[in-house]
Structures are given as structure tokens and as C-alpha cells.
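S.K.: Input: one structure, supplied below.
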Amino acid sequence: MPGFRVVVSDAEARAVLRDAYTFSSSDNNTTGRSSAKTPALSQLDPPEHTRLRRLVAAQFTPRELARLEPALAAHARAHAETVGDLVRDFTEPLPALALAEFLELPSDLVLRWVTQFASLVGYETSPGWPEFCDTVDGLALSRFPGLATPERRMLVHFLVVAGVRNVTHLLGNLLHRLLVSDMWPIAPELVDGVVEESLRHEPPALWSMRTATRPCTVGGVSVAAGERILIVAAGANRDPDRWPAPGDFRPDRPSATGHLSFGTGPHACLGAAFARLQARIYLGVLAESAPDLRPAEGFTYQPAGDLMSRGPAALPIRRQPCP
Ligand code: HEM
């Protein structure tokens, strides 16, 4: 990307992501300069970021997430029965339904917002923003009682944009890999391994951005204050110094969770456990309900998403009885 320093090694990516004082997030998620009145959570620096993140993180504990499991499994069972295209019928609707459960909101509202909002850039001027604000202001939203009105709006919008499509792309990348590699149906004891290896091998969120706040060096290269840095998880996850044979899909890698697909440091993904929980439940249900899935005849991979998040646009399937 023009005007950016690019970091693709595991060690350098970690060093940048962990140091929020030398590497600001203020212009994260945009190739220009962020002019948001209320910056997205991922664009805040300490101490503002630390304060807000603490308030929000309390909602993503394993205990809070475990309460959602029966509803997520029920959604998955309902969708697995009639699946014709895995993206259209399974990987797109389920994460939106999961977010609706998490926020305790009507599912049609969240499904509509997911279609309507796709970008963090200039989000306060996006079409439909005034109506979105009116709706959010009128909601009880018991999960975020300590937030001021602009923060509540920002956060719900952020979760709609960052907490759904990435899960869709994780599921799409993973199901695509399993189907074309003849690894379907996946045995329950292998699910965690394939989820982590898919995250490493084909990360849904490809990169993050930071801006140097002072002169510094990254991997021995001098960086001036104000220079922008692109940290490419998709590159760091295939760093041969960190991952032997990085291009191979190996679900039994040791320390498989050590990839950078959820970032690291103060901005590390708050929804990582939620994404993993969803993947585990949805994959388990689908393998049990539809063990006979195969890619449709003539299927070719087409990417969906933008430069930030990537997964398959469609995954049409056929049924083939297991031997
Ligand atoms: C496979 C799915 C997901 C991927 C790959 C992913 C990836 C990421 C990455 C890389 C970051 C760090 C960005 C940075 O450092 O600039 C991040 C932050 C974040 N993610 Fe996720 N995410 C996923 C799912 C979710 C879900 C399900 C939620 C919540 C419903 C969520 C909520 C957040 C939040 C709130 C942050 C901001 C944290 C902060 O700035 O302090 N994510 N995500």
C-alpha cells in the first residue's frame, strides 16, 4: 500500500502491536486520516482506550459466552438442515444471529445492520446512520450500562462491522479448505485443531495499521514520527522462522494458537473466544447433520470481502453418500 511501511515477520509484528505508546492506532482501519468524532474502539490510544476496553471486556468472559451456547447450537441445527450454499445459508446468517443473541436484540435488526454497514471508515456519515442512532438510543442494551451515548452507538456499530463478517470468513475459509481437501466430515476431536490452523493459514482479517508517534526502528529499519505501518497478519502467520512449512495446512501444529489472526497486545481481539466458540459449535453441528457435503460440480473459488477481510463469496455444495 503506498505510503506505508509493511511488516510481515512474526517477531516485528508482535513488537509493533504490543507497543501502543510508540505505535498509535488513531488512523487504524483507514488509508487516510481518521476524522471520526467518536473514534472506533480500534482507533483509540491509551488512556481512553484502556478505560473503554475495560468496560467492554467484562462482557466477553467465558461465563458470559457459555450462556449463549444452547442458542448458537439451535441456530446451527436449523440452518444445517436446508443448506444449499454454505455461505448464503450457513456462514453468513449464523454469526449475525450470534451477535443478536449476545446483544439481546431482535435478529432481523442485526441482520439488517450487517447488510447495511460494512466499514469503519467515516462510519458517522454513512447512509442510515441517523436512523441507526435513533434505534440504538431507544434500546435497553443491558450489556453496556456504563457507556455515554456516542460510545454506545460506536460500540454497537463496531461489533456489527468487526464481529460478524470476520466470523463468516473464518467459517467460509475453513469449510472451503476441508471440502476441497477431502477432510469432510471432520471428527469432533479434530475441530479445535482445524479452526486454529485455518485462522493461521487463511486469516479473515488480513492486516492492522499503526502510526509511529516518535522516531524508532522496526526490524532494524528507521521509522520517522508520523510514518504509517501496515502489520500484515497474513504474512506474519506464514513467517518461516516461526512456522515450519508455513504454506501447508497442518491441523496438528504445536502451539497452534500462536498466530496473529486476532492481533496481540492492548488491542487484541475481544471477540476471539466468541469466534472460536461459534466455529466449534457450528462445525460440530454441521458435521453431524450433513456429513455427506461435497463442493458442487465445477465449483471455483471467488473471494468475498474487501482488502481488510477475506473469505469465499459462495460455497455451493452437493450431497454425496459416505462410503
Ligand atoms: C474470526 C473472527 C475474528 C477475527 C479474525 C478478528 C480479528 C480482530 C483483530 C485482528 C483485531 C485487532 C485489530 C488491531 O489490532 O488493530 C480485532 C479487534 C477487535 N475485535 Fe475481533 N475478530 C474476530 C471476531 C470478533 C468478534 C466475534 C467480536 C465481537 C462480537 C470481535 C470484537 C473485536 C473488538 C471489540 C476488537 C477491538 C479491540 C480493541 O481495539 O481493543 N471480533 N479483531
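S.K.: Restricting to segment 171-228, name every residue that is touching a residue at least 24 places away in the same chain (Cβ under 8 Å), among the charged types (D, E, K, R) and closer than 23 Å to residue 298 by Cα.
M.R.: 177, 202, listed by residue number.
S.K.: When segment 10-38 is examined, which residues are found to be at pLDDT below 95 and either more than 10 Å from the ligand (Cβ to nearest atom) or assigned to a helix (DSSP H, G or I) (or both)?
M.R.: Pass one, segment 10-38, residues at pLDDT below 95: 26-38.
Once the filter is applied, which keeps residues that are at pLDDT below 95 and either more than 10 Å from the ligand (Cβ to nearest atom) or assigned to a helix (DSSP H, G or I) (or both), segment 10-38 yields 26, 27, 30, 31, 32, 33, 34, 35, 36, 37, 38.
S.K.: Of the residues in segment 302-312, how many are outside any strand (DSSP E or B) and surrounded by 13 or more Cβ atoms within 10 Å (Cβ to Cβ)?
M.R.: Residues of segment 302-312 that are outside any strand (DSSP E or B), as a first pass: 302, 306-308.
Add one more test, that the residue is surrounded by 13 or more Cβ atoms within 10 Å (Cβ to Cβ), and what stays is 308.
Summing the residues that are outside any strand (DSSP E or B) and surrounded by 13 or more Cβ atoms within 10 Å (Cβ to Cβ) in segment 302-312 gives 1.
S.K.: Collect the residues in segment 75-105 that are of a type in the set (Val, Ile, Thr) and either assigned to a strand (DSSP E or B) or over 28 Å from residue 139 (Cβ atoms) (or both), keeping them in residue-number order. Explain how you work it out, then say what you get.
M.R.: Of all residues in segment 75-105, those of a type in the set (Val, Ile, Thr) come to 82-83, 87, 91.
Residues satisfying the conditions are 82, 83, 87.
S.K.: To continue, here is another question. Take the residues in segment 35-74 that are touching a helix residue (DSSP H, G or I) at 6+ places or on another chain (Cβ under 7 Å) and loosely packed, with under 11 Cβ neighbours inside 10 Å, then tell me which one is farthest from residue 209 (Cα to Cα).
M.R.: Residue satisfying both the conditions and the ranking: 62.
S.K.: Could you run through segment 292-323 and say how many residues are at pLDDT 90 or above, of a type in the set (Gly, Ala, Ser) and in contact with a helix residue (DSSP H, G or I) (Cβ under 6 Å, 6 or more places away or on another chain)? Lay out the reasoning, then the answer.
M.R.: Step one: of segment 292-323, the residues at pLDDT 90 or above are 292-304, 310-318.
Okay, now just the ones that are also of a type in the set (Gly, Ala, Ser), so 296, 298, 304, 311, 313-314.
Subset that is in contact with a helix residue (DSSP H, G or I) (Cβ under 6 Å, 6 or more places away or on another chain): 311, 314.
Number of matching residues: 2.
S.K.: In segment 139-156, what residues are more than 10 Å from the ligand (Cβ to nearest atom) and touching a residue at least 60 places away in the same chain (Cβ under 8 Å)? Quick ask: steps written out before the conclusion?
M.R.: Filtering segment 139-156 for residues more than 10 Å from the ligand (Cβ to nearest atom) gives 139-154, 156.
Of everything in segment 139-156, those that are more than 10 Å from the ligand (Cβ to nearest atom) and touching a residue at least 60 places away in the same chain (Cβ under 8 Å) turn out to be 143, 144, 146, 147, 150, 151, 153, 154.
S.K.: In segment 186-202, what residues are out of contact with any His (no Cβ under 8 Å at 6 or more places or on another chain) and not charged (D, E, K, R)? Quick ask: steps written out before the conclusion?
M.R.: Keep residues of segment 186-202 that are out of contact with any His (no Cβ under 8 Å at 6 or more places or on another chain), which gives 186-195, 197-198, 201-202.
Hits for segment 186-202 are 186, 187, 188, 190, 191, 193, 194, 195, 198, 201.
S.K.: Continuing with this model, one more query. Taking segment 97-129 as the region of interest, how many residues are farther than 19 Å from residue 154 by Cβ, buried (at least 21 other Cβ atoms within 10 Å of the Cβ) and out of contact with any Ser or Thr (no Cβ under 7 Å at 6 or more places or on another chain)?
M.R.: 1
S.K.: Being out of contact with any Pro (no Cβ under 9 Å at 6 or more places or on another chain), more than 27 Å from residue 29 (Cα to Cα) and within 14 Å of the ligand (Cβ to nearest atom): is that true of residue 72 here?
M.R.: Yes, satisfied.
The values are calculated or read from the model by the stated rules, or taken from the named source; none is laboratory data. Computed from a predicted structure; not experimentally measured. Cβ: placed from backbone, ideal geometry, glycine included. Neighbour counts: every protein chain shown.
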